[in-house]
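The values are calculated or read from the model by the stated rules, or taken from the named source; none is laboratory data. None of these values were measured; they are calculated from a predicted model. Backbone-built Cβ (ideal geometry, glycine too); neighbour counts: all protein chains shown. Accessible surface is based on the protein model in full, side chains and every heavy atom, while ligands, DNA and RNA are left aside. Shrake-Rupley method; radii C 1.70, N 1.55, O 1.52, S 1.80 Å.
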Amino acid sequence: MAAQELLRIEGISKRFVKPVDLAGRIANMMGASNREAVVHAVDGVDLSVAEGEVVALVGESGCGKSTLGRVIAGIHEPTEGRVFWRGQDIAMMDSAHRQAFTLGAQMIFQDPMSSLNPRIRAGEIVGEAPRVHGLVDAAGQAEYVATLFRQVGLDPDYRRRFPHQFSGGQRARIGIARALAVKPKLLVCDESVAALDVSIQAQVLNLFMDLREALGLAYVFISHDLGVVRHISDRIFIMYLGRVIESGRTDEIFREPAHPYTRALLDNVPRLDARKRSFSTVKGEIPSPLNPPPGCHFHPRCPLAGPRCAVEAPRRTVLSEGRIVACHLADGGVAAAA
């Protein structure tokens, strides 16, 4: 039996606009041509997450994956598109259903230290939200927090410590406990193990998997580390400059990548084998989201790009059930522009 859909986003775009400041407006009155700056962070993304599923967002820094994660978690409002929670558009929800979405989708941030209030003890950081939202009363808060600490592998006696008194791995666990405190169904993990030592990364990843099994959690796992993604995810969405360029099941993506960018990423994943290999990184720098290139965003760096790629954005081509790629190579080849 297929798992029920938990979250779906359709045509999500997010743009950040910096208006012209006072000096710029005064200069415009004298003949200058200063204009507002628009950052195209996310551009027309479709994505779904089933209950208990782990979906990974992968791409270089600046590709928009963290911004998309914040839209999914309800931190950012989308500029365009719709977000559905359990089949219902969150923009059309009443207050009770909107609160259920707000509590049901929680985010775990990359740097646990900067996401924890340094003046508040760990027990209060974890216990404040469930008390405010009526999930536990003041009398039961201490025991509730102690249970959460044990669940994430921390000694409950650490509740009276401040964030600076914990190690990086322990702070990561506090961030997880804080997210779990409101009983979510979806965790959006933004590079949540990237700042940890490798051995600690493995422990936290195993904790995520144990919590998934015990609580039926779904994850949107944002990472640049394909080794981690292969270990933890069911499906992968490859992002480049705000767009999803390839998506599919993890094993299929690793076995047979279809997009040139995906192949370049996978070719440079470190492997423990004795074969002699040559590494070839993706040439050039990722373009600025202030001025994304026309056509396929990847064409200035793509070794297989043709004239069509510079003028026509590739449509999404379905290769198989659940497998989608946005590349002219998949929709009939790179033909010359008309």
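Residues of the stretch 50-71 being modelled with pLDDT of 90 or more, hydrophobic (A, V, I, L, M, F, W, C) and within 12 Å of the chain's Cα centre (by Cα), which ones?
Listed by number, the residues that qualify are V54, V55, A56, L57, V58, L68, V71.
Is it true that some residue in the stretch 108-121 is out of contact with any His (no Cβ under 9 Å at 6 or more places or on another chain) and β-branched (V, I, T)?
So far as the stretch 108-121 goes, yes, one or more of its residues are out of contact with any His (no Cβ under 9 Å at 6 or more places or on another chain) and β-branched (V, I, T).
Going by the structure shown, is P118 open to solvent by 50 Å² or more (accessible area, probe 1.4 Å) and not in a strand (DSSP E or B)?
yes
Could you check the stretch 68-89 and list, in sequence order, the residues that are crowded, with 20+ Cβ neighbours inside 10 Å and β-branched (V, I, T)?
Result: V71, I72, V83.
Exactly one condition in (1) modelled with pLDDT under 95; (2) more than 21 Å from P130 (Cα to Cα); (3) part of a strand (DSSP E or B) is false for G169; which is it?
Among (1) modelled with pLDDT under 95; (2) more than 21 Å from P130 (Cα to Cα); (3) part of a strand (DSSP E or B), the lone unmet condition for G169 is (3).
Would you call D331 at pLDDT below 85, surrounded by 14 or more Cβ atoms within 10 Å (Cβ to Cβ) and not in a helix (DSSP H, G or I)?
Yes.
Each row is one residue, and each column tells you yes or no for (1) open to solvent by 50 Å² or more (accessible area, probe 1.4 Å); (2) over 22 Å from P294 (Cβ atoms); (3) part of a strand (DSSP E or B).
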| residue | (1), (2), (3) |
| --- | --- |
| G24 | no, yes, no |
| N34 | yes, yes, no |
| D43 | yes, no, yes |
| S48 | no, yes, yes |
| V55 | no, yes, yes |
| S61 | yes, yes, no |
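Residue by residue through the stretch 143-161, note down the ones that are open to solvent by 50 Å² or more (accessible area, probe 1.4 Å), in contact (Cβ under 8 Å) with a residue 24 or more places away in the chain and either outside any helix (DSSP H, G or I) or β-branched (V, I, T) (or both).
Within the stretch 143-161, G153, R161 qualify.
For the stretch 254-273, how many residues are of a type outside the set (S, T, Y) and modelled with pLDDT of 85 or more?
Of the residues in that region, 11 qualify.
Report whether or not P289 is modelled with pLDDT under 90 and open to solvent by less than 80 Å² (accessible area, probe 1.4 Å).
Yes: the conditions hold for P289.
Among G104, G44, G87, G74, which is the only one that is at pLDDT 90 or above, over 30 Å from A313 (Cα atoms) and not β-branched (V, I, T)?
When all the criteria are applied, what remains is G104.
Which residue out of G134, G127, G123, G140 is more than 23 Å from D210 (Cβ to Cβ) and part of a helix (DSSP H, G or I)?
Exactly one of G134, G127, G123, G140 is more than 23 Å from D210 (Cβ to Cβ) and part of a helix (DSSP H, G or I), namely G140.
Can you pull out every residue in the stretch 6-22 that is open to solvent by 30 Å² or more (accessible area, probe 1.4 Å), out of contact with any Asp or Glu (no Cβ under 9 Å at 6 or more places or on another chain) and not in a helix (DSSP H, G or I)?
Listed by number, the residues that qualify are F16, D21.
In the set I236, I174, which member is within 17 Å of the chain's Cα centre (by Cα), modelled with pLDDT of 90 or more and among the aliphatic types (A, V, I, L, M)?
Result: I236 is the single residue among I236, I174 that is within 17 Å of the chain's Cα centre (by Cα), modelled with pLDDT of 90 or more and among the aliphatic types (A, V, I, L, M).
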